Every structure is written in structure tokens, then in C-alpha cells.
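Data block below; observations after.
Nothing in this text is a laboratory measurement; each read-out follows from the coordinates by a stated rule. Every value quoted in this text rests on a predicted model; they were computed, and no experiment measured them. Every residue, glycine as well, gets a Cβ built from its backbone with ideal geometry; the counts of neighbours run over all protein chains shown.
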Amino acid sequence: MNKLGLDYLDLYLIHWPVQGKYVEAWRALEHLYDQGKVKAIGVSNFQVHHLEKLLKVASVKPAVNQIELHSRLSQTELRAYGKKHSIAIEAWSPLMQGELLQNELLREIGAMYHKTAAQVILRWDLQHGIVTIPKSVTERRIQENADIFDFELTDEQMAQIDELNENRRVGPDPDNFDF
Ligand SMILES: NC(=O)c1ccc[n+]([C@@H]2O[C@H](COP(=O)([O-])OP(=O)(O)OC[C@H]3O[C@@H](n4cnc5c(N)ncnc54)[C@H](OP(=O)(O)O)[C@@H]3O)[C@@H](O)[C@H]2O)c1
């Protein structure tokens, strides 16, 4: 916070569920929350079994679970668990690090609305109630990624995009990482 020049943080997350450490790390976050130094605390890359273990001992429930999520990894189980326990789902690598942008279905749907595949993906997140954090260092793309509030995908288009799921990751698997 000193480096950021801030008196408090809006949201602070545990980045990865390191075995044997994440429950203790959660207690430290709860302490910061109780002191008012962070307004909300959450987790990242937690699977259902990690969340179940945490919820048994937590006095503050995670506000957010930030997970890899895109049309090839739609994370239906974690989304349902989040909905049941009021844990917001946040999508990292929502564009699959660019891999999804050439997808024909997404481009065809985009063309119907004069939108790009990236905008269709981000609109799909929005309509599913998923917080999304695309990254770009390019000003034009940052603007493009925010310009998704003037069109609406139909139920049929949402279902077609849902069907792209292959449970395929581009990042590490939270059940099998060693860092
Ligand atoms: N919690 C975690 O463990 C975790 C893990 C990985 C990532 N993240 C976070 O998730 C965020 C996004 O993830 P990410 O960067 O891996 O992947 P991403 O947002 O899916 O994709 C980023 C790539 O897409 C390109 N891009 C962005 N918008 C575009 C557009 N409209 N048209 C064409 N290309 C576009 C970017 O290029 P340019 O930048 O060159 O424009 C970049 O190469 C990051 O802020 C990262 O910190 C979190």
C-alpha cells in the first residue's frame, strides 16, 4: 500500500491455492479485512474442493474467485458453486490469450452486430454474469474491449458459444502446479 500510495485496497486475492498454506494465508487476509485495510478479500485459481475446505473455517467468505475462463474452458461447475455461495466469478485470460480471436463462429456472430470476436467473447462473459479482465497494451483494443454495451447476444447465440467448451486450459492446472 505504501508503494501504491493508498490507505486501503478495494480487493486483495490469494493468487494460487498452495497446499498446506492457503488456509493460513486466508486467515491473514481476514485479519487485514477486519482491520479495514482491504474492503474485500478473495481467491484465485481455487477449485470447488479448495473452496469447500476454506468455507469450513472461514469467518469471511471470499468475495471473488478469479479463474481461467473462456469459451474453451467454461467452468460450469465452479460457476454454479460461486452462484450458490455468492462468490463472484472473474475470468482471467478471457480471450484465451488471443487464441479464440480467429474462431469462425465468434467472428460470424460478431459480423452480425459489426463487432469483433473479442467483443463477442466479452459480451458472452457479461451476459453470463462473469466479471472479465481482458488485457491489452494497445489503446485501440482497450477501447474495443470496453465497447460491448450496445448489443445483446440471443439465447441461441449464447448456447452456440457455450458449446465451444472443451475443458481446455492455456494456463496451469490448479490441481497440478509446482510454484
Ligand atoms: N489469476 C491468475 O492466475 C492469472 C493468470 C493469468 C492471467 N491473469 C490476468 O488475466 C488478465 C488477462 O489475461 P491474459 O493477458 O493472459 O490473456 P487475454 O486477456 O485473454 O489475452 C491477452 C492477449 O490478447 C490480445 N488482445 C487483447 N484484446 C484484444 C483485441 N480486442 N483484439 C485482438 N487482440 C487482443 C493482447 O494483445 P496486446 O496486449 O498486444 O494488445 C494479448 O496478446 C491479465 O491482466 C492477467 O494479469 C491472471
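The set of residues in the stretch 124-135 being part of a helix (DSSP H, G or I) and either exposed (fewer than 14 other Cβ atoms within 10 Å of the Cβ) or away from the ligand (no atom under 12 Å from the Cβ) (or both) consists of 124, 126, 127.
Take residue 69 and decide whether it is surrounded by 12 or more Cβ atoms within 10 Å (Cβ to Cβ) and over 20 Å from the mean Cα position of the chain (by Cα). Here the answer is no, as residue 69 does not meet what is asked. I need the full set of residues from the stretch 74-122 which are more than 11 Å from the ligand (Cβ to nearest atom), outside any helix (DSSP H, G or I) and within 21 Å of residue 166 (Cβ to Cβ), in order please. Within the stretch 74-122, 74, 75, 89, 103 meet the criteria.
Among the residues of the stretch 136-156, those that are surrounded by 11 or more Cβ atoms within 10 Å (Cβ to Cβ), within 6 Å of the ligand (Cβ to nearest atom) and of a type outside the set (Gly, Ala, Ser) comprise 141, 144, 145. Put simply, of 141, 168 the only residue that is in a loop (DSSP other than H, G, I, E, B), closer than 24 Å to residue 66 by Cβ and touching a helix residue (DSSP H, G or I) at 6+ places or on another chain (Cβ under 9 Å) is 168.
Inclusion of residue 48 among residues that are within 16 Å of the chain's Cα centre (by Cα) and among the β-branched types (Val, Ile, Thr) is warranted. Let me confirm something: among 53, 61, which residue is surrounded by fewer than 19 Cβ atoms within 10 Å (Cβ to Cβ), outside any loop (DSSP other than H, G, I, E, B) and in contact with a helix residue (DSSP H, G or I) (Cβ under 8 Å, 6 or more places away or on another chain)? After applying the criteria, what remains is 53.
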